[in-house]
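The structure under discussion appears below in the form of structure tokens.
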Amino acid sequence: MNAPRSPRPESLAAALGLARGALSEAAGRSRPRLELRGPLAFTLGRVHELCGPARRTLAAIVAGALEGPVLWMRPARERDRLNPEGLAPLAGPERFIFADILRAEDALWCLEETLRSGLVPLVVAELPAPPGLTPVRRLQLAAEAGAAEEGGVPPLGLLLTPGDGGAPGVESRWWMAPCHRPGRDLWRLELRRARGGAPPTVLALERHRRRLTLRPWIEADGHAATERLPRRSGTA
């Protein structure tokens, strides 16, 4: 995919007031974390699950907060494709390597081997259904091995699953859906599972004039869900 000729807009990660690739060491833990804002954070060297209608958008936001290439695997029969122009405000399209995979088993194998190499900072796999516990455990071990590679980077693995997800053994599970209204870009973001027992969290992710804000969800935000935009090819 070629990058748009026009200058890339400010990334959403930068709009959050973050330095690209900003990492921190979690208290009492050796694994670094990619912290966006508040509870929106991802432990590196681990595999996480993103689900819901706007899971691709959330994955693109994560990509914008990291440096380096992104390997994105998707079902070969999937008609929807990410639009480079729609992707540009989130992360540079030139960083993405897309691979069309026929079978979910092949996507999991490719994800495992890429994580184990420690050469790609972010690996994304779109799956038709949540994988079982055994494949997820293999992925977690591969991510840990990749993080231990000399000269490598702690890789981040993202499983994109439809609906409410439900892959066992993931480090965290985030669900996101668009709740747009005229002149307002709004998403409902939920932390539904977190290793270590963090409580479920419901947040409002909003973009206004190229600035992204994250705050607790309030009842008034729910009115935006009554008239959702029709699904189109690209990010939601």
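The values are calculated or read from the model by the stated rules, or taken from the named source; none is laboratory data. Every value quoted in this text rests on a predicted model; they were computed, and no experiment measured them. Here the Cβ is made from the backbone with ideal geometry for all residues, glycine too, and neighbour counts use every protein chain on show.
Some observations on this one:
Let's see how each residue does on (1) within 15 Å of the chain's Cα centre (by Cα); (2) at pLDDT 95 or above; (3) farther than 22 Å from Leu141 by Cβ:
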| residue | (1), (2), (3) |
| --- | --- |
| Arg8 | no, no, yes |
| Arg29 | no, no, no |
| Arg33 | yes, no, no |
| Pro39 | yes, no, yes |
| Leu71 | yes, yes, no |
| Asp80 | no, no, yes |
| Glu112 | no, yes, no |
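- Being touching a strand residue (DSSP E or B) at 6+ places or on another chain (Cβ under 7 Å) and either over 22 Å from Pro130 (Cβ atoms) or touching a residue at least 60 places away in the same chain (Cβ under 8 Å) (or both) is true of Pro53.
- Residue within segment 143-154 that is under 27 Å from Ala177 (Cα atoms), within 16 Å of the chain's Cα centre (by Cα) and touching a residue at least 12 places away in the same chain (Cβ under 8 Å) present: no
- Check on Gly151, at positive phi, at pLDDT below 95 and not in a helix (DSSP H, G or I): yes
- For segment 170-182, the criterion of a residue being small (Gly, Ala, Ser), over 14 Å from the mean Cα position of the chain (by Cα) and under 16 Å from Glu35 (Cα atoms) is satisfied by no position.
- Leu159 fulfils the conditions (1) more than 20 Å from Ile61 (Cβ to Cβ); (2) crowded, with 21+ Cβ neighbours inside 10 Å; (3) out of contact with any helix residue (DSSP H, G or I) (no Cβ under 7 Å at 6 or more places or on another chain) except for a single criterion, (1).
- Tally, over segment 82-109, of residues that are assigned to a helix (DSSP H, G or I), over 14 Å from Pro69 (Cα atoms) and either touching a Leu at 6+ places or on another chain (Cβ under 8 Å) or in contact (Cβ under 8 Å) with a residue 40 or more places away in the chain (or both): 7
- In the condition set (1) aliphatic (A, V, I, L, M); (2) touching a residue at least 60 places away in the same chain (Cβ under 8 Å); (3) not in a helix (DSSP H, G or I), Leu139 is compliant with all but (3).
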